Amino acid sequence: MQIVLPGALPEPREAGELAAYVIKNAPTLAQWLARARHKELEADPADTACLPHEYWQLAALGFQPTPEQNFATGLAPFRGGGNHPADQPIWLAELVHVAPSRDGAALLPAADLAITPAQSVALFESVHGMFEESGFRLSGSDNPHWHVIPPDGYQTRSASPALVAITSVNDWWPQDMASRPWRKLVNEVQMLWFEHPVNKERAHEGLPPVNSLWLYGGARPNQLKALTLPDVHIHDILLAPSVRQDWSAWLDGLSWLEQNIFPALAGSESVQLVLTGRDRIIELAAGSRWTHWLRRNKESWRTWWSPQH
């Protein structure tokens, strides 16, 4: 079993200050770390265009991007490639909320919007004809992602919606001429959905409107050796607090993991732990039991937890 914890690696300065609280709030984890073997991987979102735990999933699946692709292109076949021809690229449009922000525009991904299947279908039907006229086609709806078939030869920079959500739309919104048809289509969709009954209903319920689409993908299913990761469990309770740098909420999340998830670590030689931070990944496997009793090894995890360089 592999347990993946996005947001579990604070930046070095904060990590050094939090180490003592890790021991206090998650003693099972601390004891396991004392004898674990670690491997560190780089995962800079500026290069991969996805969050480190998304990059880890794609790497574990054997995804091989072409020279023109970043790793985020592989998210579409990973999420939507089950019934798709293996040699055909997959593009997904995620239902999102976009709003003005201090940095230009901010995005809320579908995971934060509580979109019902009925709402997704209603929005899909409202723009189906518009897509046909634009040269793009909608090939199916899988709440909250829609399968999109772009015009022949279409290529654009891909970025994970989850990454865009914690950075800025302006950082990732493609401005090249090749992407102009998609930008025009999205503008038309946004105008249509401004007064759509789905969004009137959502406003009545106090929910943000679903007012835009985020397109990503372009890779083929056969660029991955597999489309699923058996016995991998992702717990993202630490991710949002780490992004906000809300360390009190982060420690609360760690305490929840100690009560509900980390008991699986106690005495286990088969569990692997994957911790991710802003731009790095630590893979951990259980080490020899006797090292637990050595003071040097009991503290050695702090060297990679809070690297001083």
Query raised in the report: Which value, to two decimals, describes the C-alpha radius of gyration of the chain once divided by 2.2 N^0.38 Å?
Result: 1.10
**Report entry** Ellipticity estimate at 222 nm from DSSP helix runs (n ≥ 4, -39,500 (n - 2.57)) divided over the chain, nearest 500
**Finding:** -11500 deg cm²/dmol
Report task. Express in whole angstrom the spacing between the alpha-carbon centres of the stretch 165-191 and the stretch 123-138. Result -> 16
Query raised in the report: Mind checking which of Pro144, Pro45, Pro100 has the largest fluctuation in a GNM of the chain, springs on alpha carbons under 10 Å?
Result: Pro100
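Any idea what the dipole of the stretch 53-124 comes to, in debye rounded to 20, about its Cα centre with Lys/Arg Cβ at +1 and Asp/Glu Cβ at -1? Present the calculation step by step, with values, prior to reporting the outcome.
Values: 2 positive and 6 negative charges, 23 e Å.
Computed charge dipole of the stretch 53-124: roughly 120 debye.
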Query raised in the report: So what is the relative contact order for the chain, in percent, with contacts set as C-alpha pairs under 8 Å and at least six apart?
Result: 40
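Just to verify a number: FRET efficiency for His233 and Ala203, C-beta to C-beta distance, R0 = 35 Å, to 0.05?
Values: r = 36 Å, r/R0 = 1.03.
Step by step, r from the Cβ atoms, then E = 0.45.
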**Report entry** Highest-fluctuation residue, Gly217, Gly80, Gly16 considered, GNM on the chain with Cα pairs under 10 Å
**Finding:** Gly16
Query raised in the report: When the chain is treated as a GNM, springs tying every alpha-carbon pair under 10 Å, which of Pro77, Pro150, Pro197 comes out with the largest mean-square fluctuation?
Result: Pro197
Report summary line: If every Lys and Arg gets +1 and every Asp and Glu gets -1 at its Cβ, then about the Cα centre the stretch 65-223 yields a dipole, in debye to the nearest 20, of 180
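Pull out the extension gain between Glu17 and Ser101, defined as 0.36 nm times the separation in residues minus the alpha carbon to alpha carbon distance; nm, one decimal. Each step should come with its number before you reach the end.
On the way: separation 84, 0.36 × 84 = 30.24 nm, distance 3.15 nm.
So the chain would gain 27.1 nm between Glu17 and Ser101.
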Requested in this report: Report, for the chain, the % of DSSP beta bridges that are antiparallel, rounded to 5.
Outcome: 80
Report summary line: In terms of the alpha carbon gyration tensor, root eigenvalues a ≥ b ≥ c, rounded if a/c is under 1.5 and otherwise prolate when a/b exceeds b/c or oblate, the stretch 65-223 is prolate
Requested in this report: Evaluate the charge dipole of the chain about its Cα centre and quote only its size in Debye, nearest 20, assuming +1 on the Cβ of each Lys and Arg and -1 on the Cβ of each Asp and Glu.
Outcome: 960
Report summary line: Partner aspartates and glutamates whose C-alpha sits under 12 Å from that of Lys39, ignoring same-chain residues fewer than 8 away, are Glu283
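The numbers here are math on the coordinates, done by the rules we state, and not lab data. The model shown is predicted, which means the values in this text are computed figures rather than measured ones. FYI the Cβ positions are ideal-geometry reconstructions off the backbone, even for glycines, and counts take in every protein chain you see.
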